[in-house]
Amino acid sequence: MSYPGVGPDDPTFILGRPLGTIRVYEYAGVDPQTGVYTFYDKDRKKVTSPVDRTGLVDPVTIKYYGGFQNSLRYKGWTADFLFQFEDHTVKNPLLNGSYPPGFQGNQLKSRALGRWQKPGDVTDIPKYTQGLLGFLPWALYGKNSDLAYSRVAFLRLKNVSIAYQLPATLMKKLRLQQVSLFAQGQNLLTFSKKEFSDFDPESDAINFGPLKTFTGGIKVNL
């Protein structure tokens, strides 16, 4: 496939890459002396106001996904479970929420305490400011850089159910055909990188992830 007229810096179509790939600024870290974001230019120099989008991000294509399930039975007990796994790139939930870093509403304690505070601090969280102009480096460059995205793999316990069927001898005494107790749960556990300990790795930045649900009951056949 070819795209006639597409230049090497075209942000939409990139030869040899999936259609979902986009060009972004390449994040170079927070300057230890000034506490502001820096980015690489085409000469690999760190700058605060980049022009060259040297990074590539594919937030659409899932690298791999799958799942496995099993059923275990022992006497009157039955257990069923389903695990789901996936590896993909998503918008970083902390950096792409309703409020950018430093704004009211985006003040996770673990992040706020790790911000840049004085020259020499080495961190990926820039200095805080009360001025509106302090938001511009993120709005203009950070949000359009690979900093705004994270590749995350996760393993989730999607479904689990446990049931117990009362013994036939007891059913005979109670004059019932069958009685079973059951409990079910969905999205009970998720294992992923520490960065997503406060967020759901399957969902995009501002969306809720799958909710944990629990149900239980008793089934009686007369």
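The values are calculated or read from the model by the stated rules, or taken from the named source; none is laboratory data. Everything numeric in this text was worked out from a predicted model, so none of it was measured. Cβ atoms come from the backbone with ideal geometry, glycine included; neighbour counts cover every protein chain shown.
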| If you scan the range 59-91, which residues turn out to be surrounded by 11 or more Cβ atoms within 10 Å (Cβ to Cβ), in a loop (DSSP other than H, G, I, E, B) and among the aliphatic types (A, V, I, L, M)? | V60
| field | Within the range 205-222, considering residues that are surrounded by 10 or more Cβ atoms within 10 Å (Cβ to Cβ) and assigned to a loop (DSSP other than H, G, I, E, B), the one modelled with the highest pLDDT | value | K212
| request: Determine whether the range 34-50 contains at least one residue that is surrounded by 14 or more Cβ atoms within 10 Å (Cβ to Cβ), part of a strand (DSSP E or B), among the aliphatic types (A, V, I, L, M) and within 23 Å of the chain's Cα centre (by Cα). | output: no
| request: State which residue pairs qualify: first residue in contact (Cβ under 8 Å) with a residue 40 or more places away in the chain and inside the range 151-170, second residue charged (D, E, K, R) and surrounded by 16 or more Cβ atoms within 10 Å (Cβ to Cβ) in any location, beta carbons under 8 Å apart, and separation of 6 or more residues or different chains. | output: A153/E86; F154/E86; F154/E202; R156/E202
| message | I'd like the full set of residues that are at pLDDT below 80, under 9 Å from the mean Cα position of the chain (by Cα) and of a type outside the set (D, E), limited to the range 177-196. | response | F196
| field | Flag if L136 is closer than 30 Å to L56 by Cβ, free of Cβ contacts under 8 Å to residues at least 12 places away in the same chain and over 20 Å from the mean Cα position of the chain (by Cα) | value | yes
| said: For the condition closer than 18 Å to N144 by Cα, hydrophobic (A, V, I, L, M, F, W, C) and out of contact with any Gly (no Cβ under 6 Å at 6 or more places or on another chain), what is the one hit in V30, V60? | reply: V30
